[in-house]
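Below: one structure, written as structure tokens.
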Amino acid sequence: MIPLPEYKDRQHWNSVHPPLLPRKAKACDFCESVFNAKRSAHRSTDGYKRYCSNQCRFRAMDRGDEFQCLNCGSVFYMKKSKQDRRGPGGCCSKECRDVYYVGARCKGFRNGYVANARGEHMTLLPRQGYAGKYIGDHRLSAIKVIGRMLTRDEFVIRLDRNPEHNEPDNLFICCSNSEYSKRRSGSLPWPVKSNLMEYAATKGQP
Ligand SMILES: [Zn+2]
Ligand SMILES: [Zn+2]
């Protein structure tokens with residue numbers, strides 16, 4: 001049995017087995033920085049590696065493009081496969097995306113209108129102090145007639161109970177949620193005439 005040679009450390013091993021060809025300083029085919037190239041016959045014209053790193057190798061294989069960020073204006077690189085997946089261009093980062101794609105630029109934006117579960121038409125109107133971003137169109141047309149914002153306590157109901165009829169003469173303002181519950185349950189009569197003009201006459205006072 002042949003005894004296995006004993007190596008003290010890596011330097012000793014290297015001295016016993018010198019490299020067949022020394023490394024060569026050459027420029028990376030992609031980033032053009034000079035690096036110490038190992039031998040490699042793969043797709044190489046001079047017998048040495050072409051790229052300084054795996055990053056450069058992949059970037060050289062990829063046929064991506066550079067785009068300008070729509071939010072911050074910085075130039076960023078997007079791979080071809082990513083362009084196929086989500087379309088070319090856009091923003092450079094998640095932070096920029098979150099800032100840029102709001103309101104009308106948001107993918108889910110439908111001209112600022114939505115219908116809620118009751119079939120009421122809602123309009124986009126972000127307000128200070130309100131978590132919801134939409135306001136019902138019946139409240140919006142009441143606001144236009146009475147000339148001031150409604151308070152949280154004021155409840156707007158429709159005389160014909162049809163969620164699509166938001167004309168001012170079909171609307172009635174209940175001064176509190178309890179008045180609304182009483183009118184709905186029958187303790188108070190359901191109104192037959194709009195009271196918006198009375199509210200408009202007393203502008204400013206809820
Ligand atoms: Zn490189
Ligand atoms: Zn950006």
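Just so you know, all these numbers are worked out from the coordinates, no wet-lab data involved. If you're wondering where the values come from, they're calculated on a predicted model, not measured in any experiment. Heads up, the Cβs are rebuilt from the backbone with ideal geometry, glycines too, and the neighbour counts pull from every protein chain shown.
Once the Cα gyration tensor of the chain is found, what semi-axes does its equivalent ellipsoid get, as square roots of 5 times the eigenvalues, in whole Å, sorted largest first?
Numbers: eigenvalues 1167, 78, 42 Å².
Computed over the chain, the values are 76, 20, 14 Å.
As I understand it, the dipole of the chain uses +1 on the Cβ of Lys and Arg and -1 on the Cβ of Asp and Glu, about the Cα centre. Which of Tyr101, Ser44, Pro168 lies farthest toward its positive end?
Ser44
Treat every Asp and Glu Cβ in the stretch 113-201 as -1 and every Lys and Arg Cβ as +1, leave all other atoms uncharged, and give the resulting dipole magnitude about the Cα centre to the nearest 20 debye.
On the way: 13 positive and 10 negative charges, 50 e Å.
It works out to roughly 240 debye.
About its Cα centre, what dipole magnitude does the stretch 65-105 give when the only charges are +1 on Lys and Arg Cβ and -1 on Asp and Glu Cβ, stated in debye to the nearest 20? List each step's numbers first, then the result.
Working: 8 positive and 5 negative charges, 41 e Å.
Computed charge dipole of the stretch 65-105: roughly 200 debye.
Select from Gly129, Ala117, Asn14 the residue farthest towards the positive end of the dipole of the chain; place +1 on Cβ of Lys and Arg, -1 on Cβ of Asp and Glu, and compute about the Cα centre.
In the chain, that residue is Asn14.
Aspartates and glutamates near Lys49 by alpha-carbon distance under 20 Å, same-chain residues fewer than 8 away left out - which ones?
Asp29, Glu32, Asp62
Pull out a ≥ b ≥ c, the square roots of the eigenvalues of the alpha-carbon gyration tensor of the stretch 65-105, then state rounded if a/c is under 1.5, prolate if not and a/b is larger than b/c, and oblate in the remaining case.
Values: a/c = 2.42, a/b = 1.49, b/c = 1.62.
Here the stretch 65-105 falls in the oblate category.
Please grab the % of Cα pairs in the stretch 10-61 that end up more than 13 Å from each other.
Tail of the P(r) past 13 Å holds 61 percent of the pairs.
Binning at 5 angstrom from zero up to the longest distance, how are the C-alpha pair distances of the stretch 113-201 distributed in percent?
Calculated P(r), rounded to whole percents: 3, 14, 23, 26, 22, 10, 3, 0.
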